1. Among the listed residues A:F249, A:F268, A:F282, identify the single one that is within 12 Å of another protein chain (Cβ to nearest Cβ), surrounded by fewer than 22 Cβ atoms within 10 Å (Cβ to Cβ) and at pLDDT 95 or above.
2. Pick from region B:118-138 the residues that are over 30 Å from B:L318 (Cβ atoms) and without any contact (Cβ under 8 Å) to a residue 60 or more places away in the chain: which of them is surrounded by the fewest Cβ atoms within 10 Å (Cβ to Cβ)?
3. Can you name every residue in region B:174-192 that is more than 10 Å from chain A (Cβ to nearest Cβ) and part of a loop (DSSP other than H, G, I, E, B)?
4. Would you mind stating whether B:L71 is more than 14 Å from chain A (Cβ to nearest Cβ) and either at pLDDT 95 or above or farther than 19 Å from B:L383 by Cα (or both)?
5. Could you list, in sequence order, the residues of region B:151-174 that are modelled with pLDDT of 95 or more and charged (D, E, K, R)?
6. I'm trying to understand the selection: among the residues of region B:121-136, which are away from chain A (no Cβ under 14 Å) and part of a loop (DSSP other than H, G, I, E, B)?
7. Is it fair to say B:I80 is under 19 Å from B:Y180 (Cβ atoms) and touching a Gly at 6+ places or on another chain (Cβ under 6 Å)?
8. Condition test on A:Y341, is it surrounded by 21 or more Cβ atoms within 10 Å (Cβ to Cβ), among the aromatic types (F, W, Y), under 30 Å from A:G60 (Cα atoms) and away from chain B (no Cβ under 11 Å)?
Amino acid sequence: MPGPAGARILALVALLTAGSLSCFGSAFSIAELGARAAGMGTAFIGVADDGSALYYNPAGIAFQPGKHMEMDSLVVVGLFRFTPSATPVGQVVPANGYSQSIKPHFIPVASMYMTAQMSDKLTFGFGIFTPFGLSANSTNFHDGDPNLTKFVGRFAGTRARLEQFWFQPTLAYKVSKNAAIAVGPAFVHTHLMLEQSILNPKGDGLVFGRQAANTLFPGVPKEQAAAVISRLLPEGRSRVAGTADTVGFSVGFLYKDEGSKTNVGLTFRSAITSHLKGKASFAFGNDYPLQQYIGSDFLTNAFPNQNITGSFTTPATYGIGLSNSSVHKMRISFDFRMQDYKRFSSVPLNFGINETNKKNVALPAEQRLAFNFKNSYHYAVGVERTLSEDLTVRLGYLRDLSPVPDQSVGPLFPDANRNSFTIGATKKRNGKDYTMFYEAMVFEHRTTDVAANSNLYTNGLYHNFAHLAGMALRFDMPAMPKLMKKH
Amino acid sequence: MKTQYLGVKFFPVAVLGVGIYCSGLLQAQTSPLDTTTFVVMGEGLAAGMANFGLSTTVQTGSFPALVAAQLKTAFPQPLIQPPGIGDVVGYPMREAILPVYPQGTVRVFQSQPNPNDDAPTVFVLNLSIPGLKLADSVLMRPVPPIIQQKNMKQTVVNMILGFPQLFFQRPVPLWTQFDYAKAMFPTLSLVELGFYEALDAAVAGDPTRMPDPAAFAATYGTVVRGLRDLQAQVIVTTIPNPFDTAYFATPDIAASVVATSPFILTAGYHITGQDYITRNGMQAISSQFWKRTLGPLPAGSVVTAAVAADITSRINALNAQIVSAAKANNAVVYDLNAFFRKLRVSGMQVGTRTVTADYLGGFYSLDAVYPGTTGHALIANDLLSFINQTYKTSFPTVNVQAIAAADPVMSYQKPAGGSFGARMLGLDINEP
């Protein structure tokens, strides 16, 4: 049990992490979970010499004597812009395209790491971090606004939130003077929310239109009648949200060759399939031409709010890293990471109340949201230079190849390949390390033209940029009581 | 009328719906014009009124229906069983007595595999109503009972805008033409209104019956703006000049219809060469000719050139307001008036025949105001050309010759053979 001071620290950390919103990385990965690593372009698997090793390469903590506490924070400002290549006739598109900027504009992400050397060979660590997160919001409208002023891709999604917290105790073991392995079982908590507009006149609304065609417009060709009827329906919004608790694990290996001053690291973080439990809710406008014909409760009966289940898979991460510090006061590192996003092919949602067990319900037993991601690859390189005893500076570059295929690029994943340029510095003062970094994340312009998405209006130009900045505080655990007393 | 049947008939609408949630996929929108929902607000011309009533005879071949077919879009119409409904321009108003033989349901019920399922369309997209004025389009709504014996106009409104709505067991909206058009959430709208006002004034020979341009402009602006606010493409038509229709004929033209010389008409009836003889006038003259006795013509037989000029001037003023309202609301103007003028001046070629604007000239039906199916086809093609030019589309035109081959109006013939001369009519005048 931690003492009163420790409890206050843990409470503070818990508050920070619980309040965080994750939002970044390749698709929904987040790579900047350590300020020092981020300053080096996230090339840290072969370095792994601070608390964020629990995330980048847990074996690294085996080489960290003493007890340390580290808190890292990250703020993201995402500037997303989408200019559709085709819209419904009459659609009002903002002059510079739609802004998909995240709201609030500053998204904080916090991590906490603690390490404690138990013996010469054994080191214990505990980390709380969010390797996966997403916060997308393309809602530029109120439900009562004219349809043609609303965000054009709303039927593909308007909002998404994903937060996956890893609570990871870790044991690292030195198998030799220069080599260590580590394993960290993790308790993983996932929260997912997806929101989108429904009853697209060019999509799901047509299904209703076809069914009603012969009743409303007898003698008119079915498809033509369906197209008219689908425009007489109100737009609706669906929201599904759920949480899941499950387990995962991380393992790592680090070898330090003293002669060449070269480190080699390997890391693996397991894939997670979160079995979500949550709610599905639906809402519809209440002023539409068909309302008095089909009854005001027709749509609410067709789309009943209910408990749902589903599953959501986050990928495994494989990484290898090298670092070398043979050059005077300089360290150079390189990482290659692969995430098997191919696992993220679909998100099945299961509706307990569905068309098979209740009359007039329009929901299927299972709705599968297809994404069909491919694997993603990261190449990172970083340089760290010690300028003086208490000041170190860093530069880095990260090339991040997006796993999102054209078909899934849209309001939920406005993703593209990225080139990130980072700088960072650490200042030591009174036995504590203060680290800062800044990252300019440049997305390649991405133009999509997928025939299957033509009626979702998600084809077009995606033009994105993001600013990331963060800071970290790392200190020796013995200093902690003094710190608390001082404040 | 199957009134009891209807309330039950449409109940299944309320219990529809399975499998809506799956997304459907269609082709990308490539044209700047979305023709998904084509709604027409008009009066008798766009409704397909012809001869002596509104009925399927010409409704199915009305120019909006022909255009919709070429656009490949749904266009349910309020089809009326022959002999039709509605008052005929220039004749006294009739009592509304429906159904009349051989009508059954009055509104046509679409055939279904099970005859008990036969039903009319619940909504229509051709909202045009014979005799409707612009002001009516925003004010008149269906009112029960559906048949109002002393009010044919209200009955026609009921049969078009209120059928089957007036029979529903649950309360449903009873829309004006304008409200109805908006409720259908059109992507493309055609507004053909104002012609009946012009006809009414011209047939009565009373320019003061023309609406005030300012009031007309205000209402017209409301209509166009209301449709444009839905982001619909809106095509408005100018008002044709009734004096270009077959209802009005100069003595030169009327002479060919009643088989005499223009001189006999001007001298015998004391009119000038610029005055207009109406359809009723020509019928009265023909009757007198057969009786070999010329006498005073009944009221409404002649419209003087001065009155015609006054009415024409007022029509031009309304057309200016239509153009202005369209411009203000980013709608486009199809010059229907120019089409009718062109027909009057030079006629139009259909195969080897020249169709003219004269009575019995192949374009107008026997009411002399509204076209037959060939006339509608000619209008449709002109409108389609306008649409293609305006929206950079390539919708095919209508095969007019095929329609003309089945159009009885094309078989109408002016009298051939001898003509009535002064001596034959007992006139003591010297023909030039």
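1. When all the criteria are applied, what remains is A:F282.
2. Going through the qualifying residues, I end up with B:D118.
3. B:L174, B:T176
4. no
5. B:K153
6. Matches in region B:121-136: B:S128, B:I129, B:P130, B:G131, B:L132, B:K133.
7. Considered against the rule, which asks whether it is under 19 Å from B:Y180 (Cβ atoms) and touching a Gly at 6+ places or on another chain (Cβ under 6 Å), B:I80 comes out as no.
8. yes
The values are calculated or read from the model by the stated rules, or taken from the named source; none is laboratory data. Only a predicted model underlies this, so the values are computations on that prediction, with no experimental measurement involved. Ideal geometry is used to build each Cβ from the backbone, glycine not excepted, and the neighbour counts take in all protein chains shown.
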